[in-house]
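Structure record follows, encoded as structure tokens.
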Amino acid sequence: MALNVLNKNTQPRSHKIKSTPGEKIFEALNYLFFILFGLATTLPFVNLVAKSFSGEAAVVSGKVGLIPVDFQIDTYKFVLGNDMFMNSLKVSIIVTLLGTFTGIVMTIITAYPLSKPRLRGRKFLMLFFVFTMLFNGGIIPNYLVMQKIGLVNKLAVLILPNMINVYNMLIMKNYFEALPESIEESAKIDGASNWKILLRIIIPLSMPVIATITLFFAVAHWNSYFQAMIYITDPKLKPMQLYLKELLASTSDVLKQAGYNPDIEGTANIVPAAIQAASIVTATLPIICVYPFLQKYFVKGVLIGSVKG
């Protein structure tokens, strides 16, 4: 009996801290804010999806809200059967894959040496990179440079100038600096070269930040249209975002080039607004499908890479 009493007295008690009325109100306001913010960012996209599946009369009369009216899939048949749309989608995929891969490679081989205090001229190089992040020559000088080296109207002009992003490089450099130096010292004692240390040790340990920078590069390339608008005039080389910009800016001209004719059977139940919506939704799906696989690394990579260890 005494043993049972002793056990009861020695068991740790969980003390629950009660929230004050002010804290409860603050927490409720936080929930309300994030719910409203989430709705504000999600509902416009849901409306686009509803428009893309709605019939002509409902879209024209503005009756479409968050649920499709007079459901149809003719709009998606037209969009996916449009050669201009599919070609721009192919260009965007190629640019995103190549641009992301080259960007990650260049970022790693730039950030790794700069993370070493023993590198000669390290401060000057850092000043050089930060200066280029803050200042640039402007649109006209950049265009003249690209024209001089023969990159205008070539896919390389959408990849090569973006291989180094100083902000991404600084995040990765800070992450490398936070890794224990003793790991590299042990590898060097075992006879490993700098390249072997980078490939076999540093990169596997840095997968969170690499996944984060990969996401940054992929989203930037996929969403980019300004460079293409400046350097690309060949319709066969226009990426998806430039195609969407032209579709939204001058719908009738782009649709005529794509073969849209409301008098032809198969396109009678779709309107330009629905085509715009379906094109935007279709162009957004690839990056939405990729993001969940990288999201688990996102916060960890940014937090660790943004603070110098």
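Any read-out appearing in this document is the output of simple, stated calculations on the displayed coordinates, not a laboratory observation. Everything quoted here is computed from the prediction, not taken from an experiment. Here the Cβ positions follow ideal geometry from the backbone for every residue, glycine too, while neighbour counts run over all protein chains shown.
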Set 51/245; 123/188; 77/238; 51/154; 51/236, cut-off 30 Å on Cα-Cα distance; pairs above it are 51/154
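How do 204-213, 220-229, 128-137 rank on mean C-beta neighbours within 10 Å, highest first?
204-213, 220-229, 128-137
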Once you keep just the Cα pairs under 8 angstrom separated by 6 or more residues, what percentage relative contact order results for the range 74-306? 37 percent
Given Cα pairs under 8 Å that are at least 6 residues apart, what percent is the relative contact order of the range 94-229? 48 percent
May I ask you to derive the relative contact order of the range 23-71, considering only C-alpha pairs under 8 Å and at least 6 residues apart, and to give it as an integer percent? 31 percent
In nanometres, what is the gap between the two model label sites at residue 249 and residue 226, each 7 Å from Cα along Cα-to-Cβ? 1.4 nm
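Quick one: divide the alpha-carbon radius of gyration of the range 74-306 by 2.2 N^0.38 Å and tell me what you get.
Ratio of Cα Rg to 2.2 N^0.38 Å: 1.25.
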So which trypsin sites (Lys or Arg not before Pro) in the range 60-125 are both in a DSSP loop and have at most 10 other Cβ atoms within 10 Å of their Cβ? 118, 120
If 114, 144 are placed from fewest to most neighbouring beta carbons inside 10 Å, the sequence is 144, 114
Just the number, please: Stokes-Einstein D of the range 23-71 in µm²/s, Kirkwood Rh from C-alpha pairs, 4 °C, 1.567 mPa s. 105 µm²/s
